[in-house]
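Q: One structure, as structure tokens, below. Some questions next.
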Amino acid sequence: MSIYGVVTATDGATRICVLEIAHPPPSLAQLLPASGWRPFQCDPGVTQAAHNTPVAGLTMMLGGCMEISVTAGDLSRVALVAGDVLILLDTHGSGHATAITGTDALRTIGVAFAPKDWPSIRDAFTGWPNQLVPPGQSP
């Protein structure tokens, strides 16, 4: 299982970062904020040119394979599979492109964050870049 963040930096470029669950992690009794969730399914072969995420959130990969690519940073492309987690915070900036690869349908669960949720999200994971623009703010 891998955890990736897709974030906007202060220069307006979108970057991918590798994240880890904070140590110690939040208590099992401590629920973190979220503003909603939704299931999603998409056939293989679908691609999207560079775009921003309309709502900051966390995507849990249940099945299929999705590639995410950006044009800045050391890590410019990742392939996500079942069990991987993607935290999308690039509501502004240059955005990311997606491609549904392989032969299986992409199946995910998305959990939306409100901008006010950022401190809890930030503290639950490590590996955020220093020049990150928090959700709801412009670079």
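Q: Largest first and in whole Å, give the semi-axes of the range 1-53's equivalent ellipsoid, each being the square root of 5 times a Cα gyration tensor eigenvalue. Present the calculation step by step, with values, prior to reporting the outcome.
A: Numbers: eigenvalues 134, 73, 32 Å².
Each semi-axis is √(5λ); the values are 26, 19, 13 Å.
Q: Please work out how much accessible surface Asp11 shows to a 1.4 Å probe, ignoring ligands, DNA and RNA, in Å² rounded to 10.
A: Asp11 has an accessible surface of roughly 100 Å² with all protein chains in place.
Q: Kindly provide the Kirkwood hydrodynamic radius of the range 20-131 in Å, to one decimal, from all pairs of distinct alpha carbon atoms. If you can, show how the numbers build up before the last one.
A: Working: mean 1/r = 0.0664 Å⁻¹.
When all Cα pairs of the range 20-131 are included, the Kirkwood radius is 15.1 Å.
Q: In the Gaussian network model of the chain, springs joining C-alpha atoms below 10 Å, which of Pro39, Pro24, Pro129 carries the largest mean-square fluctuation?
A: Pro24
Q: Given a 1.4 angstrom probe, what's the average accessible area per residue across the chain, in square angstrom? Mind showing how you got there, number by number?
A: Working: 7390 Å² over 139 residues.
Solvent-accessible surface per residue comes out at 53 Å².
Q: For the range 74-139, list log₁₀ I(q)/I(0) at each q in 0.16 Å⁻¹, using the Debye formula over Cα point scatterers of equal strength and ignoring solvent, two decimals each.
A: -0.71
Q: For every helix of n ≥ 4 consecutive DSSP H residues, a contribution of -39,500 (n - 2.57) applies; sum these over the chain, divide by its total residues, and give [θ] at 222 nm rounded to the nearest 500 deg cm²/dmol.
A: Numbers: 1 runs with 7 residues, N = 139.
Theoretical 222 nm ellipticity from helices: -1500 deg cm²/dmol.
Q: In addition: If you count the DSSP beta bridges with both ends in the chain, what percent of them are antiparallel, to the nearest 5?
A: Given both bridge residues lie in the chain, the antiparallel proportion sits at roughly 90 percent.
Q: Sticking with this structure for a sec: Pick from Arg15, Arg122, Arg77: which is most flexible by mean-square fluctuation in a GNM of the chain where alpha carbon atoms under 10 Å apart are linked?
A: Ranking Arg15, Arg122, Arg77 by mean-square fluctuation puts Arg122 first.
The values are calculated or read from the model by the stated rules, or taken from the named source; none is laboratory data. Note that this is a predicted model, so its numbers are computed, not measured. Accessible surface is based on the protein model in full, side chains and every heavy atom, while ligands, DNA and RNA are left aside. Shrake-Rupley method; radii C 1.70, N 1.55, O 1.52, S 1.80 Å.
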